[in-house]
1. Along the charge dipole of the chain, which of Thr121, Ala51, Leu80 sits closest to the positive end, that is, farthest toward it, with unit charges on the beta carbon of Lys, Arg, Asp and Glu (+1, +1, -1, -1)?
2. Testing the spin-label approximation: label points 7 Å from Cα along Cα→Cβ at Ala101 and Leu23. State their distance in nm.
3. Suppose every K and R has +1 on its Cβ and every D and E has -1 on its Cβ; what is the size of the dipole of the chain about the Cα centre, in Debye to the nearest 20?
4. Once you sort the root eigenvalues of the Cα gyration tensor of region 1-78 as a ≥ b ≥ c, which label holds: rounded (a/c under 1.5), prolate (a/b larger than b/c) or oblate (the other case)?
5. If each DSSP helix of 4+ residues adds -39,500 (n - 2.57) and the sum is divided by the residues in the chain, what number results at 222 nm, nearest 500 deg cm²/dmol?
6. With contacts defined as alpha carbon pairs under 8 Å and 6 or more residues apart, what's the relative contact order of region 5-140 in percent?
7. Out of (1) 2, 11, 21, 24, 19, 12, 7, 3, 1, 0; (2) 2, 9, 19, 23, 21, 15, 9, 2, 0; (3) 2, 10, 16, 17, 16, 13, 9, 7, 5, 3, 2, 0, which label holds the value of P(r) over Cα pairs in 5 Å bins from 0, in percent that was computed here?
Amino acid sequence: MTRDMVLRVVAKLLIPFILLFALYVQFHGDFGPGGGFQAGVILAAAMVFYAIVFGLDNARKVLPDRLVETMVAAGVLLYLGVGVAGPLLGGNFLDYFVLAADPVAGQHRGIFWIELGVAITVCGVMLKVYYLFAGRGPEDD
């Protein structure tokens with residue numbers, strides 16, 4: 001598939017819109033369906049689409065294995081950091097209202113960071129699984 005010109009052009013046109021849609025789902029998650037998990041899967045799907053069309057080696061140049069593994073850890077640490085911020089600021093674990101002077105603003109801030117951590121982790125895990133399976137050739141059986 002890496003030599004199919006039409007598919008390559010269509011992919012170059014579609015991938016930015018897929019990424020934009022993932023951002024929409026991420027930021028609209030407070031107000032409707034969507035959020036971190038869905039946005040992470042859409043981001044990973046865009047990268048998988050890129051890998052299918054342009055080859056796994058090119059995808060690994062764009063998002064190397066080390067970066068993908070770092071995404072998994074960074075998302076979990078972001079989630080944990082927001083959770084630990086609650087007790088450090090006088091609340092309970094994952095109490096968002098202490099993250100700002102106004103409790104409602106603190107709730108929004110906390111949900112944003114939690115959902116961002118989930119999106120980063122889900123995207124990283126999905127890509128790592130894809131890289132592991134796609135990189136496995138027939139000689140690896």
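Quick note: the coordinates plus some simple rules give every number you see, no bench work behind them. The model shown is predicted, which means the values in this text are computed figures rather than measured ones. Cβ placement follows ideal geometry from the backbone for every residue including glycine, while neighbour counts extend to all protein chains displayed.
1. The residue sitting farthest along the positive end of the dipole is Ala51.
2. 3.0
3. For this selection, approximately 400 debye.
4. oblate
5. Using -39500 (n - 2.57) per qualifying helix, the result is -26000 deg cm²/dmol.
6. 29
7. Among (1) 2, 11, 21, 24, 19, 12, 7, 3, 1, 0; (2) 2, 9, 19, 23, 21, 15, 9, 2, 0; (3) 2, 10, 16, 17, 16, 13, 9, 7, 5, 3, 2, 0, the one calculated here is (3).
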